[in-house]
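Notes to accompany the following structure.
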Amino acid sequence: MSNIINNNLKKKKKRLVNRFKKNSFYFNKTKDSELISLKIFQPFNSKNIKIKLKINSNSFVNNHYKNFTFLNREYIIYPNKEYKTYILNRDLIFDNGNLIFINLNEDLPNIEYKIDIESNKEVYFNIYSKMDKVNSFDTISE
């Protein structure tokens, strides 16, 4: 994930991002608690976006645990207009991006999870996690 940053112009150029309106990725959970960070980029002049996230799991660890994983989440994200971001081969100008966090806690067993992500508008995202744990992406066309 390579960036070119020019502080005088307050802009960034992103080279590797994933575009989605609907997308899925697979994450291999190997520890009791894992944290996945997604940085979401939306068009600079948009008002906000709504993102739905679903962790596909049919099993839980039957134990007493201190943390609980929310399998279905919804985010409302407002543009971060600190910097303009230019995505390679796109004419639109995007915002500086906002981080959202996905916790896979000790209540879930250590297996591979499919994580579905859906937005009401086309946006881009980067995953900030150990990339060896992200196995593949499924772009779902509409």
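The values are calculated or read from the model by the stated rules, or taken from the named source; none is laboratory data. All of these numbers come straight from a predicted model, not from anything done at the bench. Here the Cβ is made from the backbone with ideal geometry for all residues, glycine too, and neighbour counts use every protein chain on show. Side chains are part of the model used for accessible areas, which takes the heavy atoms of the whole protein and leaves out ligands, DNA and RNA. Shrake-Rupley method; radii C 1.70, N 1.55, O 1.52, S 1.80 Å.
Give 21/114; 22/47; 31/121 a once-over and call out the pairs whose C-alpha atoms are over 25 Å from each other. From 21/114; 22/47; 31/121, over 25 Å: 31/121.
Distance between the pseudo-spin-label points of residue 56 and residue 88 (7 Å out from Cα toward the beta carbon): 3.0 nm. As a rough guide to protection, the peptides 85-97, 31-43 ranked by mean Cβ packing within 10 Å, highest first, stand as 31-43, 85-97. Sorting 123, 17 on solvent-accessible area from highest to lowest, probe radius 1.4 Å, gives 17, 123. On a per residue basis, the range 72-114 carries 56 Å² of accessible surface, using protein heavy atoms and a 1.4 Å probe. When the solvent-accessible area of the range 23-130 is split by element, carbon and sulfur atoms take up 47 percent of it, the probe being 1.4 Å.
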